[in-house]
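For reference, the structure discussed in these notes is given below.
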Amino acid sequence: MNKYLDIAPEVQEALSAGRPVVALESTIISHGMPYPQNVQTALRVEQTIRDCGAVPATIAIIGGRLKAGLTPSEIEHLGRKGRDVAKASRRDLPVLVARGQDGATTVTTTMIIAAMAGIKVFATGGIGGVHRGAETTMDISADLEELARTPVMVVCAGAKSILDLGLTLEYLETKGVPVIGYGTDELPAFYTRRSGFKVDYRIDTPEELAAAFKAKLDMGLGGGMLVTNPIPEEYSMDPERINAAIEQALAEAAEKGIHGKETTPFLLARIKDITGGDSLASNIQLVLNNARLAAAAAACL
Ligand code: PSU
Ligand code: MN
(Lines give C-alpha, C1' and ligand atoms only; values in the text may rest on other atoms or scores of the structure.)
(Ligands and ions follow the chains in the order given, each with its own letter.)
Protein backbone atom coordinates (compact mmCIF):
# COMPACT_ATOMS: atom_id res chain seq x y z
CA MET A 1 0.00 0.00 0.00
CA ASN A 2 1.02 3.57 -0.62
CA LYS A 3 3.15 4.67 2.34
CA TYR A 4 1.64 8.15 2.40
CA LEU A 5 -1.99 6.96 2.51
CA ASP A 6 -4.19 6.26 5.56
CA ILE A 7 -7.47 4.49 4.86
CA ALA A 8 -9.96 4.77 7.73
CA PRO A 9 -10.77 1.34 9.25
CA GLU A 10 -14.46 1.52 8.31
CA VAL A 11 -13.57 2.40 4.72
CA GLN A 12 -10.96 -0.36 4.52
CA GLU A 13 -13.42 -2.94 5.84
CA ALA A 14 -16.05 -1.94 3.29
CA LEU A 15 -13.53 -2.04 0.43
CA SER A 16 -12.22 -5.46 1.48
CA ALA A 17 -15.76 -6.82 1.72
CA GLY A 18 -16.74 -5.35 -1.67
CA ARG A 19 -19.32 -3.04 -0.09
CA PRO A 20 -20.06 0.36 -1.67
CA VAL A 21 -17.88 3.34 -0.74
CA VAL A 22 -18.33 6.96 -1.87
CA ALA A 23 -15.48 9.47 -1.79
CA LEU A 24 -16.16 13.12 -0.85
CA GLU A 25 -13.94 16.17 -1.33
CA SER A 26 -12.75 18.67 1.29
CA THR A 27 -12.19 21.89 -0.69
CA ILE A 28 -15.98 22.23 -0.64
CA ILE A 29 -15.66 22.22 3.18
CA SER A 30 -12.81 24.67 3.67
CA HIS A 31 -13.13 26.88 0.57
CA GLY A 32 -16.61 26.24 -0.81
CA MET A 33 -18.92 27.09 2.10
CA PRO A 34 -18.77 29.23 5.25
CA TYR A 35 -18.38 27.84 8.78
CA PRO A 36 -20.38 26.27 10.39
CA GLN A 37 -22.63 25.30 7.45
CA ASN A 38 -19.61 23.67 5.80
CA VAL A 39 -19.09 21.25 8.70
CA GLN A 40 -22.83 20.60 9.15
CA THR A 41 -23.16 19.88 5.43
CA ALA A 42 -20.13 17.59 5.31
CA LEU A 43 -21.50 15.53 8.22
CA ARG A 44 -24.99 15.48 6.71
CA VAL A 45 -23.63 14.28 3.36
CA GLU A 46 -21.79 11.47 5.14
CA GLN A 47 -25.00 10.51 6.96
CA THR A 48 -26.97 10.55 3.69
CA ILE A 49 -24.47 8.14 2.15
CA ARG A 50 -24.80 5.83 5.16
CA ASP A 51 -28.61 6.02 4.95
CA CYS A 52 -28.26 4.83 1.34
CA GLY A 53 -26.25 1.79 2.50
CA ALA A 54 -22.77 2.97 1.49
CA VAL A 55 -19.71 4.08 3.48
CA PRO A 56 -18.52 7.71 3.09
CA ALA A 57 -14.82 8.46 2.68
CA THR A 58 -14.17 12.17 3.00
CA ILE A 59 -10.73 12.86 1.60
CA ALA A 60 -8.14 15.42 2.73
CA ILE A 61 -4.48 15.83 3.66
CA ILE A 62 -3.98 16.04 7.42
CA GLY A 63 -0.50 16.65 8.77
CA GLY A 64 0.97 15.52 5.46
CA ARG A 65 -0.95 12.20 5.42
CA LEU A 66 -3.31 11.42 2.55
CA LYS A 67 -6.57 10.48 4.27
CA ALA A 68 -9.37 8.38 2.80
CA GLY A 69 -12.02 8.71 5.51
CA LEU A 70 -11.99 11.46 8.14
CA THR A 71 -13.21 11.57 11.73
CA PRO A 72 -15.85 14.17 12.63
CA SER A 73 -13.18 16.13 14.53
CA GLU A 74 -10.94 16.20 11.43
CA ILE A 75 -13.90 17.54 9.43
CA GLU A 76 -14.49 20.17 12.13
CA HIS A 77 -10.78 21.12 11.99
CA LEU A 78 -10.86 21.68 8.20
CA GLY A 79 -14.14 23.58 8.40
CA ARG A 80 -12.97 25.88 11.17
CA LYS A 81 -9.63 26.66 9.51
CA GLY A 82 -11.50 27.37 6.29
CA ARG A 83 -9.44 29.24 3.75
CA ASP A 84 -6.34 28.98 5.94
CA VAL A 85 -6.09 25.36 4.81
CA ALA A 86 -4.16 25.04 1.55
CA LYS A 87 -6.36 24.29 -1.43
CA ALA A 88 -4.55 21.24 -2.74
CA SER A 89 -4.45 20.36 -6.39
CA ARG A 90 -2.16 17.76 -8.07
CA ARG A 91 0.81 20.13 -8.14
CA ASP A 92 0.51 20.85 -4.40
CA LEU A 93 0.70 17.27 -3.09
CA PRO A 94 4.50 16.81 -3.04
CA VAL A 95 5.35 19.85 -0.90
CA LEU A 96 2.33 19.54 1.44
CA VAL A 97 3.16 15.89 2.13
CA ALA A 98 6.90 16.51 2.57
CA ARG A 99 6.21 19.39 4.97
CA GLY A 100 3.54 17.51 6.93
CA GLN A 101 0.90 20.15 6.26
CA ASP A 102 -2.87 20.08 5.88
CA GLY A 103 -4.59 20.33 2.51
CA ALA A 104 -8.17 20.53 1.34
CA THR A 105 -8.58 18.27 -1.67
CA THR A 106 -10.20 19.56 -4.86
CA VAL A 107 -11.94 17.29 -7.33
CA THR A 108 -8.49 16.57 -8.77
CA THR A 109 -6.77 15.42 -5.58
CA THR A 110 -9.87 13.68 -4.26
CA MET A 111 -9.85 11.58 -7.45
CA ILE A 112 -6.13 10.84 -7.03
CA ILE A 113 -6.45 9.73 -3.41
CA ALA A 114 -9.72 7.83 -4.04
CA ALA A 115 -8.00 5.89 -6.83
CA MET A 116 -5.00 5.12 -4.55
CA ALA A 117 -7.43 3.76 -1.94
CA GLY A 118 -9.42 1.70 -4.47
CA ILE A 119 -12.58 3.86 -4.31
CA LYS A 120 -14.39 4.15 -7.65
CA VAL A 121 -17.22 6.62 -7.04
CA PHE A 122 -16.99 10.22 -5.83
CA ALA A 123 -19.79 12.71 -5.13
CA THR A 124 -19.34 16.47 -5.12
CA GLY A 125 -21.14 19.73 -5.96
CA GLY A 126 -19.52 21.24 -9.01
CA ILE A 127 -16.30 20.59 -10.93
CA GLY A 128 -13.76 23.10 -12.14
CA GLY A 129 -13.49 23.68 -15.89
CA VAL A 130 -12.41 26.08 -18.58
CA HIS A 131 -12.77 29.60 -17.21
CA ARG A 132 -14.33 32.36 -19.25
CA GLY A 133 -11.52 34.18 -21.04
CA ALA A 134 -9.27 31.10 -20.90
CA GLU A 135 -8.18 31.85 -24.48
CA THR A 136 -6.00 34.58 -22.95
CA THR A 137 -5.54 33.53 -19.28
CA MET A 138 -5.09 29.77 -19.97
CA ASP A 139 -7.04 29.20 -16.73
CA ILE A 140 -8.29 25.65 -17.17
CA SER A 141 -8.97 23.63 -14.02
CA ALA A 142 -6.73 20.64 -13.35
CA ASP A 143 -10.02 18.79 -12.67
CA LEU A 144 -10.44 18.26 -16.42
CA GLU A 145 -6.97 16.67 -16.80
CA GLU A 146 -7.66 14.44 -13.82
CA LEU A 147 -10.94 13.26 -15.33
CA ALA A 148 -8.88 12.34 -18.39
CA ARG A 149 -6.37 10.25 -16.47
CA THR A 150 -7.78 8.81 -13.22
CA PRO A 151 -10.42 6.06 -13.16
CA VAL A 152 -13.08 7.47 -10.84
CA MET A 153 -16.76 8.19 -11.54
CA VAL A 154 -17.48 11.77 -10.49
CA VAL A 155 -21.10 12.65 -9.70
CA CYS A 156 -21.69 16.42 -9.76
CA ALA A 157 -24.46 18.92 -10.54
CA GLY A 158 -22.72 20.10 -13.71
CA ALA A 159 -20.64 23.26 -13.63
CA LYS A 160 -21.42 26.83 -12.72
CA SER A 161 -21.58 29.42 -15.43
CA ILE A 162 -18.64 31.18 -13.76
CA LEU A 163 -17.01 28.86 -16.35
CA ASP A 164 -17.27 28.71 -20.12
CA LEU A 165 -19.49 25.62 -20.26
CA GLY A 166 -19.16 25.18 -24.02
CA LEU A 167 -15.35 25.16 -23.89
CA THR A 168 -15.43 22.88 -20.84
CA LEU A 169 -17.42 20.31 -22.85
CA GLU A 170 -15.04 20.66 -25.82
CA TYR A 171 -12.06 20.02 -23.56
CA LEU A 172 -13.67 16.92 -22.05
CA GLU A 173 -14.46 15.61 -25.53
CA THR A 174 -10.84 16.06 -26.63
CA LYS A 175 -9.68 14.22 -23.51
CA GLY A 176 -12.08 11.31 -24.05
CA VAL A 177 -14.15 11.85 -20.91
CA PRO A 178 -17.77 10.65 -21.21
CA VAL A 179 -20.19 13.32 -19.97
CA ILE A 180 -23.45 11.74 -18.83
CA GLY A 181 -26.68 13.57 -18.05
CA TYR A 182 -28.61 11.77 -15.32
CA GLY A 183 -32.21 11.86 -16.46
CA THR A 184 -31.44 14.75 -18.81
CA ASP A 185 -30.04 15.50 -22.29
CA GLU A 186 -28.76 18.86 -21.14
CA LEU A 187 -25.72 19.77 -19.04
CA PRO A 188 -27.04 21.11 -15.72
CA ALA A 189 -25.56 24.46 -14.60
CA PHE A 190 -25.29 23.69 -10.88
CA TYR A 191 -27.92 26.13 -9.51
CA THR A 192 -30.21 25.53 -12.47
CA ARG A 193 -31.26 22.36 -14.28
CA ARG A 194 -30.49 23.64 -17.76
CA SER A 195 -27.59 25.30 -19.57
CA GLY A 196 -28.51 25.02 -23.24
CA PHE A 197 -25.56 22.62 -23.84
CA LYS A 198 -26.10 18.95 -24.68
CA VAL A 199 -24.40 16.14 -22.78
CA ASP A 200 -22.96 13.13 -24.62
CA TYR A 201 -25.46 10.60 -23.26
CA ARG A 202 -28.56 10.56 -21.14
CA ILE A 203 -28.71 7.74 -18.58
CA ASP A 204 -31.74 7.21 -16.34
CA THR A 205 -30.69 4.55 -13.82
CA PRO A 206 -27.78 3.95 -11.41
CA GLU A 207 -27.49 0.44 -12.88
CA GLU A 208 -26.71 1.84 -16.30
CA LEU A 209 -24.23 4.36 -14.84
CA ALA A 210 -22.41 1.47 -13.19
CA ALA A 211 -22.52 -0.65 -16.36
CA ALA A 212 -21.04 2.13 -18.49
CA PHE A 213 -18.28 2.83 -15.99
CA LYS A 214 -17.50 -0.87 -15.58
CA ALA A 215 -17.18 -1.20 -19.36
CA LYS A 216 -14.76 1.73 -19.34
CA LEU A 217 -12.66 0.14 -16.58
CA ASP A 218 -12.73 -3.31 -18.19
CA MET A 219 -11.54 -1.95 -21.52
CA GLY A 220 -8.61 -0.24 -19.79
CA LEU A 221 -9.42 3.07 -21.43
CA GLY A 222 -8.08 5.05 -18.47
CA GLY A 223 -9.65 8.15 -17.02
CA GLY A 224 -12.94 8.82 -15.33
CA MET A 225 -16.55 9.45 -16.20
CA LEU A 226 -18.47 12.61 -15.42
CA VAL A 227 -22.07 12.17 -14.26
CA THR A 228 -24.04 15.43 -14.18
CA ASN A 229 -27.11 15.26 -11.97
CA PRO A 230 -29.50 18.22 -12.12
CA ILE A 231 -30.41 20.03 -8.89
CA PRO A 232 -33.90 18.94 -7.71
CA GLU A 233 -36.53 21.24 -9.22
CA GLU A 234 -37.72 22.55 -5.85
CA TYR A 235 -34.25 23.84 -4.94
CA SER A 236 -33.25 25.22 -8.34
CA MET A 237 -32.72 28.97 -8.61
CA ASP A 238 -34.11 31.60 -10.92
CA PRO A 239 -31.63 31.67 -13.84
CA GLU A 240 -31.80 35.44 -14.26
CA ARG A 241 -31.07 36.08 -10.62
CA ILE A 242 -28.19 33.63 -10.35
CA ASN A 243 -26.67 34.74 -13.66
CA ALA A 244 -26.76 38.37 -12.55
CA ALA A 245 -24.93 37.39 -9.35
CA ILE A 246 -22.35 35.44 -11.40
CA GLU A 247 -21.76 38.39 -13.75
CA GLN A 248 -21.31 40.73 -10.79
CA ALA A 249 -18.86 38.33 -9.09
CA LEU A 250 -16.87 37.95 -12.33
CA ALA A 251 -16.69 41.74 -12.76
CA GLU A 252 -15.44 42.17 -9.18
CA ALA A 253 -12.82 39.46 -9.67
CA ALA A 254 -11.55 41.21 -12.80
CA GLU A 255 -11.47 44.57 -11.05
CA LYS A 256 -9.53 43.17 -8.08
CA GLY A 257 -7.15 41.24 -10.33
CA ILE A 258 -8.05 37.89 -8.72
CA HIS A 259 -6.34 35.05 -10.57
CA GLY A 260 -4.96 31.52 -10.31
CA LYS A 261 -6.21 29.22 -7.57
CA GLU A 262 -7.96 32.12 -5.80
CA THR A 263 -10.41 32.64 -8.65
CA THR A 264 -12.88 29.85 -7.93
CA PRO A 265 -13.08 30.33 -4.11
CA PHE A 266 -13.47 34.10 -4.60
CA LEU A 267 -16.33 33.68 -7.07
CA LEU A 268 -18.10 31.07 -4.92
CA ALA A 269 -17.94 33.30 -1.83
CA ARG A 270 -19.14 36.40 -3.69
CA ILE A 271 -22.07 34.58 -5.33
CA LYS A 272 -23.14 33.38 -1.91
CA ASP A 273 -22.98 36.91 -0.47
CA ILE A 274 -24.73 38.56 -3.42
CA THR A 275 -27.62 36.10 -3.30
CA GLY A 276 -27.93 36.58 0.45
CA GLY A 277 -27.30 32.94 1.25
CA ASP A 278 -30.04 31.48 -0.98
CA SER A 279 -27.41 29.95 -3.23
CA LEU A 280 -25.90 28.21 -0.20
CA ALA A 281 -29.20 26.46 0.54
CA SER A 282 -29.38 25.25 -3.07
CA ASN A 283 -25.74 24.22 -2.97
CA ILE A 284 -26.33 22.04 0.10
CA GLN A 285 -29.36 20.34 -1.45
CA LEU A 286 -27.63 19.51 -4.71
CA VAL A 287 -24.69 17.95 -2.87
CA LEU A 288 -27.09 15.73 -0.89
CA ASN A 289 -28.81 14.77 -4.15
CA ASN A 290 -25.46 13.81 -5.69
CA ALA A 291 -24.50 11.79 -2.61
CA ARG A 292 -27.68 9.69 -2.97
CA LEU A 293 -27.02 8.99 -6.66
CA ALA A 294 -23.35 8.19 -6.05
CA ALA A 295 -24.27 5.74 -3.26
CA ALA A 296 -26.74 4.01 -5.58
CA ALA A 297 -24.20 3.79 -8.43
CA ALA A 298 -21.50 2.51 -6.04
CA ALA A 299 -23.88 -0.21 -4.83
CA CYS A 300 -24.47 -1.33 -8.45
CA LEU A 301 -20.74 -1.39 -9.20
N1 PSU B 1 -16.92 24.57 -8.17
C2 PSU B 1 -17.96 24.60 -7.33
N3 PSU B 1 -17.76 24.31 -6.02
C4 PSU B 1 -16.51 23.99 -5.55
C5 PSU B 1 -15.42 23.95 -6.47
C6 PSU B 1 -15.67 24.24 -7.75
O7 PSU B 1 -19.07 24.87 -7.74
O8 PSU B 1 -16.35 23.76 -4.35
C9 PSU B 1 -14.06 23.56 -5.97
C10 PSU B 1 -13.81 22.06 -6.20
O11 PSU B 1 -12.99 21.58 -5.17
C12 PSU B 1 -13.07 22.05 -7.51
C13 PSU B 1 -12.21 23.28 -7.37
O14 PSU B 1 -12.28 20.89 -7.73
O15 PSU B 1 -13.05 24.24 -6.74
C16 PSU B 1 -11.73 23.78 -8.69
O17 PSU B 1 -10.82 24.83 -8.49
P18 PSU B 1 -10.04 25.44 -9.73
O19 PSU B 1 -11.08 26.13 -10.56
O20 PSU B 1 -9.07 26.37 -9.12
O21 PSU B 1 -9.39 24.30 -10.46
MN1 MN C 1 -7.36 27.70 -12.32
(Q) I need the full set of residues from region 239-282 which are charged (D, E, K, R) and within 25 Å of Arg193 (Cβ to Cβ), in order please. (A) Glu240, Arg241, Glu247, Arg270, Lys272, Asp273, Asp278
Q) Can we say Ser236 is touching a Phe, Trp or Tyr at 6+ places or on another chain (Cβ under 7 Å), open to solvent by 20 Å² or more (accessible area, probe 1.4 Å) and within 20 Å of Leu286 (Cα to Cα)? A) yes
Q.
Restricting to region 153-171, name every residue that is farther than 16 Å from Ser282 by Cα, more than 16 Å from ligand 2 (Cβ to nearest atom) and touching a helix residue (DSSP H, G or I) at 6+ places or on another chain (Cβ under 8 Å).
A. Met153, Val154, Val155
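Give me the residue from region 43-94 that is polar (S, T, N, Q) and touching a Ser or Thr at 6+ places or on another chain (Cβ under 9 Å) and, out of that set, nearest to Pro206 (Cα to Cα).
Checking each candidate, the answer is Thr58.
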Q: Six or more apart or on different chains, Cβ under 9 Å: which pairs go from a residue in region 250-275 that's in contact (Cβ under 8 Å) with a residue 40 or more places away in the chain to one that's aromatic (Phe, Trp, Tyr)? Could you list them?
A: Ile271/Tyr191
**Q.** Counted residues, region 10-67 - those being outside any helix (DSSP H, G or I) and free of Cβ contacts under 8 Å to residues at least 12 places away in the same chain
**A.** 2
**Q.** Which listed residue is out of contact with any Pro (no Cβ under 8 Å at 6 or more places or on another chain), open to solvent by less than 10 Å² (accessible area, probe 1.4 Å) and more than 20 Å from Gly222 (Cβ to Cβ), from Thr124, Thr136, Thr109
**A.** Thr124
(Q) If the requirement is being open to solvent by 50 Å² or more (accessible area, probe 1.4 Å), acidic (Asp, Glu) and more than 16 Å from ligand 2 (Cβ to nearest atom), which of these qualifies: Glu255, Glu262? (A) Glu255
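The values are calculated or read from the model by the stated rules, or taken from the named source; none is laboratory data. Keep in mind that this is a model prediction, so the values were computed, not measured. Every residue, glycine among them, receives a Cβ derived from its backbone with ideal geometry; neighbour counts consider all protein chains shown. All accessible areas refer to the heavy atoms of the entire protein, side chains included, with ligands and DNA or RNA removed. Shrake-Rupley method; radii C 1.70, N 1.55, O 1.52, S 1.80 Å.
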